[in-house]
Amino acid sequence: MEIRIITVGKIKEKYLNDGIAEYAKRLGRYCKLNFIQVPDEKTPLNRQIKETEGNRLLSHIRDTDYVIALAIEGKMLDSVELSDLIARLGVQGKSSIAFVIGGSLGLSDAVLKRADYKLSFSPMTFPHQLMRVILYEAVYRCFQIDLGTRYHK
């Protein structure tokens, strides 16, 4: 299975990059992992920014991807439920899952419309850079749950 993580903006903080690198290394044993960053917009807040970033994200989403958009209005799952979803997608022949994380303004309507599933980690707002680390850990945990390891207690 291929896991694609498509995000807006670069991470400047070393500790976040270190966390992502650690989980990416761990995940490499269980799936093909691809990470794609598109540039964020540096202009004042407006709807056009979300649309521009959304078009950049969409340009990296393939027709064959099962798209899971991280959106505050999405469905909240516990770790076992997310693991079951990923395992089910594999059994159904979905060979590529693309997780999409928007920028500071969220995801455009076009990205949300393209999504096959909308996932919320919490009703709270998290910085999109931190959400990447959380997502990597959550996906790693899913594989550990599926394998029945002691990682998930």
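The values are calculated or read from the model by the stated rules, or taken from the named source; none is laboratory data. Computed from a predicted structure; not experimentally measured. All Cβ positions, glycine included, derive from the backbone under ideal geometry; neighbour counts span all protein chains shown. Note: areas computed on protein heavy atoms with side chains; ligands, DNA, RNA excluded. Shrake-Rupley method; radii C 1.70, N 1.55, O 1.52, S 1.80 Å.
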remark   = Out of (1) small (Gly, Ala, Ser); (2) in contact with a strand residue (DSSP E or B) (Cβ under 8 Å, 6 or more places away or on another chain); (3) under 17 Å from Arg132 (Cα atoms), the one Ser79 does not meet is (2)
inquiry  = Condition first: modelled with pLDDT of 95 or more and open to solvent by less than 60 Å² (accessible area, probe 1.4 Å). Now tell me which residues in the range 109-131 satisfy that.
reply    = Ala110, Val111, Leu112, Ala115, Tyr117, Leu119, Ser120
request  = With the condition kept exactly as written, say whether any residue in the range 139-148 is polar (S, T, N, Q) and more than 17 Å from Glu2 (Cβ to Cβ).
outcome  = yes
ask   = Does any residue of the range 44-53 turn out to be closer than 22 Å to Ser120 by Cα, touching a helix residue (DSSP H, G or I) at 6+ places or on another chain (Cβ under 9 Å), surrounded by 17 or more Cβ atoms within 10 Å (Cβ to Cβ) and modelled with pLDDT of 95 or more?
value = no
message = Given the condition of a type outside the set (Ser, Thr, Tyr), part of a strand (DSSP E or B) and touching a Ser or Thr at 6+ places or on another chain (Cβ under 8 Å), answer yes or no: does some residue in the range 116-136 qualify?
response = no
